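The values are calculated or read from the model by the stated rules, or taken from the named source; none is laboratory data. A quick note: this is a predicted structure, and the numbers were derived from the prediction, not measured. All Cβ positions, glycine included, derive from the backbone under ideal geometry; neighbour counts span all protein chains shown.
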Amino acid sequence: MNLLRQPRARRVWRLALALVVPVIVVAACGVEKSDSPGGQFAAVSAGGDHSCAVRHDYAERDPGGVPCWGEAWSNPGSAVSLDGRYTAVSAGIGYACALRDDGTAHCWGDNYRTAVNPPPGRFDAISVGAVRSCGVREGGALVCWGNEVGGPTPTDTPTGEFRAVDAGWGMASCGLRTDGTAHCWGSDTWAAPPAGRFTAVSVGVTHACGLRDDGTAECWGDNTDGKAAPPLSLYTALAVGTNHSCGIRDDQTVRCWGTGPATDAPGSRFLAISSGPTHICGLQENETIRCWG
């Protein structure tokens with residue numbers, strides 16, 4: 001999940017997943033999800049058991065600047081609405097994190113392995129993942145916390161200056177350095193990214209996709225059912241789930257590849273998309289939310 005505060009066409013808000021990824025059997029046709037809130041929004045994040053969004057008029061609307069919705073079967077307290085002023089949100093399974101307008105992080109929900117205890121200080125980006133949560137500091141430093149594998153303080157966080165991070169749906173996470181190159185860690189089986197510059201990166205369970213400077217998509221990792229084989233097109237944003245990948249094309253329509261109901265994208269135009277493990281939420285051109293999968 002690249003969770004930088006970018007132009008809306010490039011906002012791809014990401015997620016978290018439990019350490020053991022559940023296998024969910026679904027029908028082959030897409031399913032429209034109708035429980036998303038009404039109103040206009042600046043950002044949306046699809047999680048595993050709930051989703052969240054940031055309202056445009058977050059300082060004025062009730063019930064809050066960050067409404068969340070969904071089943072939240074692992075922790076009903078994560079699908080709540082927050083009052084206050086927020087600029088970014090990342091939904092996961094059982095918990096979520098958001099950035100206040102002063103840059104500090106606020107997390108809520110399941111506190112397993114200190115997942116909802118972010119470090120103090122200001123962040124430019126935040127991402128909730130399967131085995132860690134990460135944030136990019138104002139100066140570009142990468143900070144991660146809540147490691148469900150090796151304890152509450154991950155020891156493998158890369159050093160250097162970053163401008164985006166996606167904590168990922170599996171063992172691997174990826175970040176974009178300030179020079180545009182991708183750096184991935186947490187998995188030694190597939191996560192090594194290709195060389196070159198990217199403007200965005202999105203990480204699934206066993207594959208990831210990046211957006212090149214020229215608008216083309218490049219994916220790496222497991223290519224089962226073609227999920228790491230993007231169709232030739234120009235894209236403005238990408239979102240990766242467990243068995244699927246999606247991108248917003250330069251005409252603002254969504255194209256998905258891989259398998260599962262999430263690949264059956266609606267025909268409307270979008271400004272941003274975000275993928276959970278099996279479903280997707282998008283911010284339409286009228287700044288309303290539409291989810292499917």
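Which residue, of 197, 113, is at pLDDT below 95, of a type in the set (Lys, Arg) and touching an Asp or Glu at 6+ places or on another chain (Cβ under 6 Å)? Give the derivation first.
Details: 197 fails: at pLDDT below 95.
Every option except 113 fails the conditions.
Give the residues of region 172-193 that are in a loop (DSSP other than H, G, I, E, B) and either farther than 15 Å from residue 133 by Cβ or touching a Leu at 6+ places or on another chain (Cβ under 9 Å) (or both), sorted by residue number.
Listed by number, the residues that qualify are 178, 179, 180, 187, 188, 189, 190, 191, 192, 193.
Being surrounded by fewer than 24 Cβ atoms within 10 Å (Cβ to Cβ), touching a Gly at 6+ places or on another chain (Cβ under 9 Å) and not in a strand (DSSP E or B) is the filter here, so list the residues in region 264-293 that pass it.
Result: 264, 265, 266, 268, 278, 287, 288.
Residues are listed down the side, and each one gets a yes or a no for (1) free of Cβ contacts under 8 Å to residues at least 40 places away in the same chain; (2) in contact with a Ser or Thr (Cβ under 7 Å, 6 or more places away or on another chain):
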| position | (1), (2) |
| --- | --- |
| 225 | yes, yes |
| 232 | yes, no |
| 236 | no, no |
| 240 | no, yes |
| 246 | yes, yes |
| 256 | yes, yes |
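So, in region 194-220, how many residues would count as being crowded, with 16+ Cβ neighbours inside 10 Å and either part of a loop (DSSP other than H, G, I, E, B) or basic (Lys, Arg) (or both)? Even if it seems obvious, please write down each step before you answer.
Step one: of region 194-220, the residues crowded, with 16+ Cβ neighbours inside 10 Å are 198-212, 217-220.
With the extra rule that they be either part of a loop (DSSP other than H, G, I, E, B) or basic (Lys, Arg) (or both), the set shrinks to 204-206, 212.
Going through region 194-220 one residue at a time, the tally reaches 4.
Write out, first by first residue and then by second, each pair whose Cβ atoms fall under 7 Å of each other, whose residues are 6+ apart or on separate chains, and whose first residue, in region 170-191, is in contact (Cβ under 8 Å) with a residue 12 or more places away in the chain while the second is part of a loop (DSSP other than H, G, I, E, B) and acidic (Asp, Glu).
Filtered contacts from region 170-191: 177/161; 178/161; 185/156; 186/156; 190/222.
Identify, by number, the condition in (1) surrounded by 22 or more Cβ atoms within 10 Å (Cβ to Cβ); (2) within 15 Å of residue 173 (Cα to Cα) that residue 258 doesn't meet.
(2)
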